[in-house]
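Data block below; observations after.
The values are calculated or read from the model by the stated rules, or taken from the named source; none is laboratory data. Source: prediction; values computed, not measured. A quick note on method: Cβ atoms are made from the backbone with ideal geometry, for glycine too, and the neighbour counts reach across all protein chains shown. Heavy atoms of the whole protein, side chains included, go into the accessibility calculation; ligands, DNA and RNA do not. Shrake-Rupley method; radii C 1.70, N 1.55, O 1.52, S 1.80 Å.
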Amino acid sequence: MGRRVLVAMSGGVDSSVAAALLHDQGYAVVGVTLQLWGKDVCVSSGTRLCCSVRDAMDAKQVARRLGIQHETLELVEQFREHVIDYFVASYAQGLTPNPCIACNDHIKFGELLQHADDLDAEWIATGHYARSAYEPARRRYMLQRACDASKDQSYVLFGLTQAQLARARFPIGGLTKPQVRQIAHELGFVTADKPDSQDICFVRDRNKNGFLRRELGAADDPGPIVDTEGRVLGTHQGLLGYTIGQREGLGIAVGRPLYVVAIDRPSNRLVVGTKQELLEDHCRVSRLNWVSIDPPTEPVRATVKIRARHEGAPARITPLADGGEAAVEFEEPQSAVTPGQAAVFYDGDTLLGGGWISP
């Protein structure tokens, strides 16, 4: 057997096949299921919430079928601190967080890497649809989009450092989802037809606003819904949970579509406007992380994604004086540039870097 690699096995089909591929390549695979949020069973529905008892049992069954070691790693406190508390605090500040990025940065490529050190494992691997490779000319590890563009998850990995990428493996990054399921069927995995995880994994009842109110332990006061000229159109029942670009659930009828264009927490106002008023031609990005290139000192042209499902838009990225921030100028105005979300920069399939959209 080859050198040891820890595979984060969530109990889904992607991580199951990732473990199988590495095992077939001769690695000494240890499957690790992360216990992040309680021990309740998953809900019965058309979608799936991760990190349940059933998921852990499915991962263990796959490991047994492969003949590899499997263990469960409890990281409840760390998940609470780095993911849930961040999620709640962001909404409390009127920002829209991305808990998957926080989980990858701090849990899967943070705590799991530390556990790999404890077990003398050289690498960790996940079931993410992404690719990475070392480029000698640049002396850097490059992060790239997956071959299956419809499943690409490189966006949520933009926060990884060179040290993390050096020890990361993405075995299914060159495969399509149907190919992954076919491999799982051929190997007789219980996870072969399991649906993909959906929603926020720690919001068990899918009631995000209720979860936020319970976490904060206080009522979210009602306030005015106003248009961009300050005219009162209605009353919101609390600002928690709203996000820029939201159209549903506003509770007002004015004869035309309106969207959330700003969340004014100091004045407890929800500002709505037309689709045209959602457009922005620039934003500022903070806490930059340059992944596949050295931090630039001159403007860079790239395709910028401002949320996971955004197709990306051509833009000019100008690093600011302190190096930790950049100004992004889009060639064409973009809809719903949302503070708290990540802006991620691409050159073709290569992820150059990214940062967090500032208010």
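Kindly list the number of the only condition in (1) open to solvent by 40 Å² or more (accessible area, probe 1.4 Å); (2) in a loop (DSSP other than H, G, I, E, B) that fails for Thr96.
Every listed condition holds for Thr96 apart from (1).
Every residue in segment 220-241 that is among the hydrophobic types (A, V, I, L, M, F, W, C) and assigned to a loop (DSSP other than H, G, I, E, B), please.
Leu239, Leu240
So, in segment 115-139, how many residues would count as being within 21 Å of Ser154 (Cβ to Cβ), touching a helix residue (DSSP H, G or I) at 6+ places or on another chain (Cβ under 9 Å) and either hydrophobic (A, V, I, L, M, F, W, C) or modelled with pLDDT under 95 (or both)?
4
Across segment 205-235, which residue is nearest to Val88 (Cα to Cα) among those that are modelled with pLDDT under 90 and among the polar types (S, T, N, Q)?
Filtering first and then ranking leaves Asn209.
Can you pull out the residues in segment 318-349 that are over 13 Å from Lys305 (Cα atoms) and of a type in the set (Gly, Ala, Ser)?
The answer is Ala321, Gly323, Gly324, Ala326, Ala327, Gly340.
Only one of these is in contact with a Gly (Cβ under 6 Å, 6 or more places away or on another chain) and crowded, with 18+ Cβ neighbours inside 10 Å: Ala102, Ala130. Name it.
So the residue among Ala102, Ala130 that is in contact with a Gly (Cβ under 6 Å, 6 or more places away or on another chain) and crowded, with 18+ Cβ neighbours inside 10 Å is Ala130.
Which residues, taken from segment 112-156, are more than 18 Å from Lys305 (Cα to Cα) and polar (S, T, N, Q)?
Across segment 112-156, the qualifying residues are Gln114, Thr126, Ser132.
Going by what's in this entry, would Gly2 be described as modelled with pLDDT under 95, out of contact with any strand residue (DSSP E or B) (no Cβ under 9 Å at 6 or more places or on another chain) and not in a helix (DSSP H, G or I)?
Values: modelled with pLDDT under 95: yes; out of contact with any strand residue (DSSP E or B) (no Cβ under 9 Å at 6 or more places or on another chain): no; not in a helix (DSSP H, G or I): yes.
No.
I'd like the full set of residues that are small (Gly, Ala, Ser) and within 20 Å of the chain's Cα centre (by Cα), limited to segment 175-209.
Within segment 175-209, Ser197 is the sole residue that qualifies.
Within the set of pairs 6 or more residues apart or between chains, which connect a residue that is open to solvent by less than 30 Å² (accessible area, probe 1.4 Å) inside segment 304-324 to a residue that is assigned to a loop (DSSP other than H, G, I, E, B) with Cβ atoms less than 6 Å apart?
Going by the 6 Å Cβ cut-off, the qualifying pairs are Lys305/Gly312; Ile306/Val337; Pro319/Pro296.
Given the criteria hydroxyl-bearing (Ser, Thr, Tyr), open to solvent by less than 10 Å² (accessible area, probe 1.4 Å) and at pLDDT 95 or above, does Ser154 qualify?
yes
When segment 210-241 is examined, which residues are found to be free of Cβ contacts under 8 Å to residues at least 40 places away in the same chain, surrounded by 15 or more Cβ atoms within 10 Å (Cβ to Cβ) and under 23 Å from the mean Cα position of the chain (by Cα)?
Once the filter is applied, which keeps residues that are free of Cβ contacts under 8 Å to residues at least 40 places away in the same chain, surrounded by 15 or more Cβ atoms within 10 Å (Cβ to Cβ) and under 23 Å from the mean Cα position of the chain (by Cα), segment 210-241 yields Phe211, Arg213.
Here is a list: Gly217, Gly241, Gly251. Which entry is under 18 Å from Thr96 (Cβ atoms) and of a type outside the set (Lys, Arg)?
Working: Gly217 fails: under 18 Å from Thr96 (Cβ atoms); Gly251 fails: under 18 Å from Thr96 (Cβ atoms).
Gly241 is the lone residue from the list that is under 18 Å from Thr96 (Cβ atoms) and of a type outside the set (Lys, Arg).
Please enumerate the residues belonging to segment 100-113 that are over 19 Å from Thr33 (Cβ atoms) and not hydrophobic (A, V, I, L, M, F, W, C).
Within segment 100-113, Asp105 is the sole residue that qualifies.
Being among the β-branched types (Val, Ile, Thr), under 31 Å from the mean Cα position of the chain (by Cα) and part of a loop (DSSP other than H, G, I, E, B) is the filter here; which residues of segment 242-263 pass it? Give the steps one after another, and end with the answer.
Applying the first criterion (among the β-branched types (Val, Ile, Thr)) to segment 242-263 yields 243-244, 252, 254, 260-261, 263.
This time we only want the ones that are under 31 Å from the mean Cα position of the chain (by Cα), so: 243-244, 260-261, 263.
Within segment 242-263, Thr243, Ile244 qualify.
Quick check, is Ser292 at pLDDT 95 or above, closer than 30 Å to Val232 by Cβ and under 23 Å from the mean Cα position of the chain (by Cα)? If you could, list the steps in order and put the result at the bottom.
Values: at pLDDT 95 or above: yes; closer than 30 Å to Val232 by Cβ: no; under 23 Å from the mean Cα position of the chain (by Cα): yes.
No, not satisfied.
Hey, among Asp264, Asp347, which residue is at pLDDT below 95 and open to solvent by 20 Å² or more (accessible area, probe 1.4 Å)?
The match here is Asp264.
Just to be sure before I move on: is Tyr259 at pLDDT 95 or above and either among the aromatic types (Phe, Trp, Tyr) or in contact with a Cys (Cβ under 8 Å, 6 or more places away or on another chain) (or both) in the structure I sent?
Working: at pLDDT 95 or above: yes; either among the aromatic types (Phe, Trp, Tyr) or in contact with a Cys (Cβ under 8 Å, 6 or more places away or on another chain) (or both): yes.
Taking the combined requirement at face value, the residue satisfies it.
Among the residues of segment 10-24, write down those that are surrounded by fewer than 24 Cβ atoms within 10 Å (Cβ to Cβ), in contact with a strand residue (DSSP E or B) (Cβ under 6 Å, 6 or more places away or on another chain) and touching a residue at least 60 places away in the same chain (Cβ under 8 Å).
Correct list: Leu22 only.
Being open to solvent by 30 Å² or more (accessible area, probe 1.4 Å), outside any helix (DSSP H, G or I) and either modelled with pLDDT of 90 or more or among the β-branched types (Val, Ile, Thr) (or both) is the filter here, so list the residues in segment 27-72 that pass it.
Within segment 27-72, Tyr27, Gln35, Val41, Val43, Thr47, Gly67, Gln69, His70, Glu71, Thr72 meet the criteria.
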